[in-house]
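The structure under discussion appears below in the form of structure tokens.
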Amino acid sequence: TVSLQHGAHRSGNRTDADMERWRSHRLGQFIHWGLYAIPGGEWNGKVYNGAAEWIRSWKEMPHEAYDNLYKQFNPAGYNPQQWARQAKDMGARYMIITTKHHDGFCLWPSKYSKYTVASTPWKKDIIGPMVEAYNKEGIDVVLYFSIIDWNHPDWRTSLKTKEDTVAYGRFKVFVKNQLKELLTKYPTVKGFWFDGTWDESWKTDGAFSDELEQYLQSLHPGLIIGSRLRADEKGARHFDSNGRLMGDYEQGWERKLPEKIEDVHHNDWEGVMTIPENQWGYHARWTGHIKTANELIEMLARSASLGGNFVINFGPKADGTYRAEEQQLAAQIGQWMKTNGAAIYGGGYAGLEKQDWGYYIRKGNTDTVYMVVCNIPVSGYLRVKIPPQQSLQSATGLESGQPIPTTQTGRNEYLLQLENKKYDAPVVIQLEVKKGKERGEFEKART
Ligand SMILES: COc1ccc([C@H]2[C@H](O)[C@H](O)[C@H](C)N2C)cc1
């Protein structure tokens, strides 16, 4: 190992109440909302093929045109109570909101910048009412904050000259001031979701990002900050130069999910997912594959089965309303969560051998293990293998409440028989798996 001043300061998962709460959420909602929703991926009759929130970087979008969009920001349909209600109905336990994306536009009236909602026809704070509405629905809020700030004259992607270094020094003070301002104005928030930390300017100042993280924790003990904020003094990100995770959870899973527990090394982690292939902000024309509720539910089950949170992204329109596809998906997912949420909330890695039919999720440290069956076998039989020294005590349909016909086919192997019917969503079975030699009821039948 190399000796590091600004690498990971802790190994192993946090076990404090704030982290336990975050870990139990399992399902979150991401909201990307800002000036980019006004063009919505189109400009001058041309369609931008990139991610809508990056339209400012498109050669067909003059910077001056983008930077004046704030004069049109006036979301008459913005109703944070409605947004919070929809998130509640979806079953989201936390929400991540873009306070400032790479364009530098602030959805709160920051006193450190002119480029905020205060300068728009809307004038009012967007973030405050949103945090209040979500908290009222019992949903925690995490603030997304981009370090990259295309609007700020002192931001630099790299430091080539003395002037760059002096300017970027001012920029880091600005960043620290804005983050303190956000924690002061919105003290109920539970964490920061940092983005835009891949620039040389940031990567080469591991000391600053380390001090910043400690500063924020001192202002707001228990704050949850993922691995995307920091770099160590050698420029390593997410994992320091000794391969140890920096931050409270692995935050690298963006539009992709781990396959097996080794991929996440039993760390806390979070996957963030777009509904289309790659759009975070509102894009008027979604192209490519739009994920269905069942696909998103399977991703959620996979995430919980590997001890991670799954966050589904929404991109509200410029007027503050949601597109129909997003409203429908939120309702469909919520429908499933109403019946099956017990298998997801507070769930984690079960330690059973993965089978083709789907995912095991253990409820905390209990004997309760849920099966989320996503691949219904033509045979109707679900194979369950229990670790040695453990035994299957019962198998019950979560929705039906009925016992699942089960036969033991080996020392620690069972076949569960699914009812022969059409399933139009993943089906959940609740297992009670006992540790120790105690023989389960199925074994008695056998001898
Ligand atoms: C260069 O590739 C990128 C850079 C930033 C992103 C941003 C998206 O705009 C969105 O905010 C996502 C969470 N973030 C990683 C995505 C891809």
The listed residue being more than 14 Å from the ligand (Cβ to nearest atom) and of a type outside the set (S, T, N, Q), out of LEU35, LEU4
LEU4
Evaluate the range 218-235: report whether one residue or more is under 18 Å from LYS176 (Cα atoms) and part of a helix (DSSP H, G or I).
yes
Name the single residue that is farthest from the chain's Cα centre (by Cα) among those in the range 184-201 being under 19 Å from ILE31 (Cα atoms), assigned to a loop (DSSP other than H, G, I, E, B) and of a type outside the set (S, T, N, Q).
TYR186
Are any residues in the range 247-293 outside any loop (DSSP other than H, G, I, E, B) and of a type outside the set (D, E, K, R), and if so, which ones?
GLN251, GLY252, TRP253, ILE261, TRP269, GLY271, VAL272, MET273, ALA293
Please go through the range 1-22 and pick out each residue that is open to solvent by 40 Å² or more (accessible area, probe 1.4 Å) and assigned to a helix (DSSP H, G or I).
ALA17, ASP18, GLU20, ARG21
Only residues that are touching a residue at least 60 places away in the same chain (Cβ under 8 Å) and surrounded by fewer than 22 Cβ atoms within 10 Å (Cβ to Cβ): list them for the range 97-107, please.
HIS102
Within the range 133-165, considering residues that are open to solvent by 40 Å² or more (accessible area, probe 1.4 Å) and in contact (Cβ under 8 Å) with a residue 60 or more places away in the chain, the one farthest from LEU229 (Cα to Cα)
ASN151
Go over the candidates ASP164, ASP140, ASP154, ASP195 one by one and state the one that is among the acidic types (Asp, Glu) and more than 29 Å from PHE73 (Cβ to Cβ).
ASP164
Applying the selection to the range 111-124, what residues are touching a residue at least 40 places away in the same chain (Cβ under 8 Å) and open to solvent by 10 Å² or more (accessible area, probe 1.4 Å)?
LYS111, TYR112, SER113, TYR115, SER119, PRO121, TRP122
Quick one: ASN49 ticks every box in (1) within 16 Å of the ligand (Cβ to nearest atom); (2) open to solvent by 50 Å² or more (accessible area, probe 1.4 Å); (3) in contact with a strand residue (DSSP E or B) (Cβ under 6 Å, 6 or more places away or on another chain) except a single one, so which number is it?
(3)
In the range 114-134, is there at least one residue being at positive phi and away from the ligand (no atom under 16 Å from the Cβ)?
yes
From GLY28, GLY40, grab the single residue that is within 16 Å of the ligand (Cβ to nearest atom) and on the phi > 0 side of the Ramachandran plot.
GLY40
Which numbered condition GLU181 fails, given (1) touching a Ser or Thr at 6+ places or on another chain (Cβ under 8 Å); (2) open to solvent by 10 Å² or more (accessible area, probe 1.4 Å); (3) part of a loop (DSSP other than H, G, I, E, B)
(3)
Top-ranked residue in the range 87-106 [being under 17 Å from the mean Cα position of the chain (by Cα) and either in a helix (DSSP H, G or I) or of a type in the set (Phe, Trp, Tyr) (or both); ranked as nearest to the ligand (Cβ to nearest atom)]
TYR94
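When you go through TYR36, TYR78 one by one, which is the residue that is within 24 Å of ILE127 (Cβ to Cβ) and part of a helix (DSSP H, G or I)? If you could, list the steps in order and put the result at the bottom.
Working: TYR78 fails: part of a helix (DSSP H, G or I).
Just a single option satisfies the conditions, and that option is TYR36.
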Can you name every residue in the range 166-177 that is of a type in the set (Lys, Arg) and loosely packed, with under 14 Cβ neighbours inside 10 Å?
ARG170
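The values are calculated or read from the model by the stated rules, or taken from the named source; none is laboratory data. These numbers were taken from a predicted model, which means no experiment stands behind them. Using ideal geometry, Cβ is built from the backbone for each residue, glycine included, and neighbour counts are taken over all protein chains shown. To get the accessible areas, we keep the full protein, side chains included, count just its heavy atoms, and leave off ligands, DNA and RNA. Shrake-Rupley method; radii C 1.70, N 1.55, O 1.52, S 1.80 Å.
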